[in-house]
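Structure first, commentary second.
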Amino acid sequence: MSATSPAAVPSFRSRIGSDARSGYYAVPHRYRLHLALSCPYGLEIAVTHSLLGLADRLPVTLLPAVPDAPGGGHQALRPLYDASEHRHRGPAVAPVLSDDWTGRIVSTHAPDILRDLARLLGGDGPVLHPHGTEAAGRAVVRLCEQDITASAQRAGEAAIDPAVREAALATLLRALGELERRIASHAYVLGGRLTAADVRLWVTLVQLDTVHRHHLDAAAVHRIAGHRQLWTYARRLTEHPAFGTHLDLDGIARRHHAHCRGAEAAGAATQIVDWASADAVAAGARHQRDHTPG
């Protein structure tokens, strides 16, 4: 089983500053995002971009769902990489924040890109990093990355010791239980308002159901699906236009099958959430956008 996004260390990590002397300063229409919606990072950035109302200030170029170059890269990004680093040796991976003024890459590091969108380029959308929630937000990110995503991958690896798989599943279930308790008492994961932590959690739950579930046995999927309030929360967020309109189930499936080497398990037959209605809305929105002149 392979990860759904490249694990390589990002090649470019410049930041957008608030001072013109920084080189990359915050100004509308200067920067561009290059995203694959089948990639968890690309999906998270796309949702954040919509929540912040940046469509008129920061254009997005969508990339094919399945990378078409070695190392998980995209052919369309190669000119940007070559212009930014002479004879760049690594893959031309997404996501990318580029500078249209210079034709160079600003950053390929998703957490930095997300922070700069919210901190300096934000439009009229919500405050996604409210003051005083920093530590709680980092805790949710750790739960998503380590206790859910990484544990789901280990729990679905048929070649490892069964005891290791069971321990990984136990960690995953504990994390889901903790998040379920948060959602039971609040509308959102950090309280009464939508934050960046909700975007990360939603993307993580989408991946858990559409990718990692395929490598888990039916009993494990049944236990995961038992966190009903958490999955109800995921469906509720999917109905929000900033979330559901970016969901590309076909692209996620094609990306997964193109790179995954793990064996499919019985859990593949037991979908937790019916994402199809939101995916149909997203497909219609993408078609309209792609066929709108100008």
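Numbers for the structure displayed
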read-out: Checklist (1) at pLDDT below 95; (2) more than 19 Å from the chain's Cα centre (by Cα); (3) on the phi < 0 side of the Ramachandran plot applied to Glu166, failing item; value: (1)
read-out: Verdict on His212 being over 19 Å from Ala242 (Cβ atoms), in contact (Cβ under 8 Å) with a residue 60 or more places away in the chain and of a type outside the set (D, E, K, R); value: yes
read-out: Exclusive hit being closer than 26 Å to Asp116 by Cβ, among the aliphatic types (A, V, I, L, M) and in contact (Cβ under 8 Å) with a residue 60 or more places away in the chain, set Val206, Val189; value: Val206
read-out: Residue within segment 112-121 that is touching a strand residue (DSSP E or B) at 6+ places or on another chain (Cβ under 7 Å) and outside the structural domain of Glu180 (by TED's automatic domain parsing) present; value: yes
read-out: Given (1) surrounded by 12 or more Cβ atoms within 10 Å (Cβ to Cβ); (2) assigned to a loop (DSSP other than H, G, I, E, B), index of the condition Ala159 fails; value: (1)
read-out: Scan of segment 79-88 for residues that are free of Cβ contacts under 8 Å to residues at least 40 places away in the same chain and assigned to a helix (DSSP H, G or I), ordered by number; value: Pro79, Asp82, Ala83
read-out: Those residues of segment 20-78 which are small (Gly, Ala, Ser), part of a helix (DSSP H, G or I) and more than 13 Å from the chain's Cα centre (by Cα), in sequence order; value: Ala20, Ser22, Ser50, Gly71, Gly72, Ala76
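Here is a yes/no grid of residues against (1) under 17 Å from the mean Cα position of the chain (by Cα); (2) outside any helix (DSSP H, G or I); (3) among the hydroxyl-bearing types (Ser, Thr, Tyr):
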{"site": "Leu194", "(1), (2), (3)": "yes, yes, no"}
{"site": "Gln207", "(1), (2), (3)": "yes, no, no"}
{"site": "Leu230", "(1), (2), (3)": "no, no, no"}
{"site": "Ala234", "(1), (2), (3)": "yes, no, no"}
{"site": "His257", "(1), (2), (3)": "no, no, no"}
{"site": "Ser277", "(1), (2), (3)": "no, no, yes"}
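The values are calculated or read from the model by the stated rules, or taken from the named source; none is laboratory data. Owing to the predicted nature of the structure, the values given are computational and were not obtained by experimental measurement. Don't worry about glycine lacking a Cβ; one is built from the backbone with ideal geometry, like all the others, and counts go over all protein chains shown.
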